[in-house]
Ligand SMILES: NC(=O)c1ccc[n+]([C@@H]2O[C@H](COP(=O)([O-])OP(=O)(O)OC[C@H]3O[C@@H](n4cnc5c(N)ncnc54)[C@H](O)[C@@H]3O)[C@@H](O)[C@H]2O)c1
């Protein structure tokens, strides 16, 4: 599909669909690209929430309905940050209006629905899935070290995401649910909502993966879906890739960054706390401001969307790429809950 001329990209008018929790990060990120694009309209059926965001971020137009926003907003692109069950409908709507679209993960509630959507919109508009995790600065650095062959071929990888966010505090509250109440209602919870990022990041670092083993479990009565997962994958060169996650781990903080170990034939890369290190012939260690990395990942994902619209090149997380992540997620759910 053709590149959008630079003068048009500089002044792009963006319409934001959804005004919930995550949009504070979207809007902060769009601000960092103010020279090239501006969110000029926002829509949410919860208009008081839309008004709140519009007031805080200086958005001119508020709509209660996405169709109206697309008809009247004179937009150049759409950013979808509404719940997962609305994504396919919103992407179709953007395609009908010929507008490029950046859509939050997961692209659809199931792999099948996502495949149908991708087939339908192919050639009609440009779609990037908003997978910001892989844009975190420490994962970009780890990827550079891998490309520079600093640790040789990776033979084993282990990533973990362990928190106590679903252990009740003294008031009987759960930090994970306080942060994002809809988490409790999801029948596909931990993997589809959170670990989808880790799976996408592992694919970004290690190439496409095959699922070898999956176990899902639920320990928190307040959750409709799973809150722990033990997953094993293999990449194309035969490296074993383990992803372990549980939101009910005593002794862990309520929110915690990922841990990662990549063991190569000549060294290893380790992410622990705020430190990323490369051990081997040329040892190196970098400390990160984790809160800044979180914010930066949204800005980098949105920057990538604008860059690729501008030069017409492929998005890293275009539908073809993202369906690989969703296929793995679907396969994981096919094993069902085991207690
Ligand atoms: N990339 C990340 O790191 C990350 C983090 C959090 C959430 N997310 C994703 O962002 C999306 C939204 O999550 P959230 O935490 O903001 O949820 P939320 O529940 O806080 O907000 C969702 C908002 O969408 C609105 N909405 C519902 N139907 C709508 C419609 N038809 N049109 C417009 N708005 C509509 C709701 O009224 C609500 O205000 C989800 O897909 C979630 O997976 C991504």
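Nothing in this text is a laboratory measurement; each read-out follows from the coordinates by a stated rule. Computed from a predicted model, the values in this text were never measured in an experiment. Here Cβ is always computed from backbone atoms with ideal geometry, including for glycine, and neighbour counts include all displayed protein chains.
A few points about this structure:
- Among 182, 161, sorting on how many other beta-carbon atoms sit within 10 Å of each Cβ, with the fewest leading, yields 182, 161.
- Here 60, 76 are placed in order of increasing Cβ neighbour count within 10 Å, fewest first, which gives 60, 76.
- With both residues required to sit in the chain, DSSP beta bridges show an antiparallel share near 55%.
- Residue exposure proxy: 59, 199, 177, 42, ordered by other Cβ atoms within 10 angstrom of their Cβ from fewest to most, comes out as 177, 59, 199, 42.
- The order of the peptides 279-285, 233-239 by mean Cβ neighbours within 10 Å, most packed first, is 233-239, 279-285.
- Choice from 111, 138, 288 showing the highest fluctuation, given a GNM over the chain with Cα pairs closer than 10 Å: 288
- Once the Cα atoms are used to define both axes, helix 319-333 deviates from the longest principal axis of the chain by about 50 degrees.
- Between 0 and 90°, nearest 10: helix 111-121 axis offset from the chain longest Cα axis: 40
- Relative packing of peptides 124-136, 290-302 - highest average C-beta neighbours within 10 Å first: 124-136, 290-302
- Sorting 87-94, 153-160 by their mean Cβ neighbour count within 10 Å, with the most densely packed peptide first, gives 87-94, 153-160.
- Residues considered: 163, 43, 185. Largest GNM mean-square fluctuation over the chain, using C-alpha springs under 10 Å, is found at 185.
- Modelled label reach - residue 184, point 7 Å along Cα→Cβ, the stretch 223-246 residues with backbone N closer than 17 Å: 223-227
- The calculated FRET efficiency for residue 156 paired with residue 96, based on their beta-carbon distance and R0 = 51 Å, is about 0.60.
- Between the helical axis of 196-206 and the longest alpha-carbon principal axis of the chain there is an angle of about 70 degrees.
- The helix-based estimate of mean residue ellipticity at 222 nm for the chain, built from -39,500 (n - 2.57) per DSSP H run of four or more residues and divided by its residue count, is -10500 deg cm²/dmol to the nearest 500.
- Share of pairwise Cα-Cα distances greater than 29 Å in the chain is 40 percent (whole percent).
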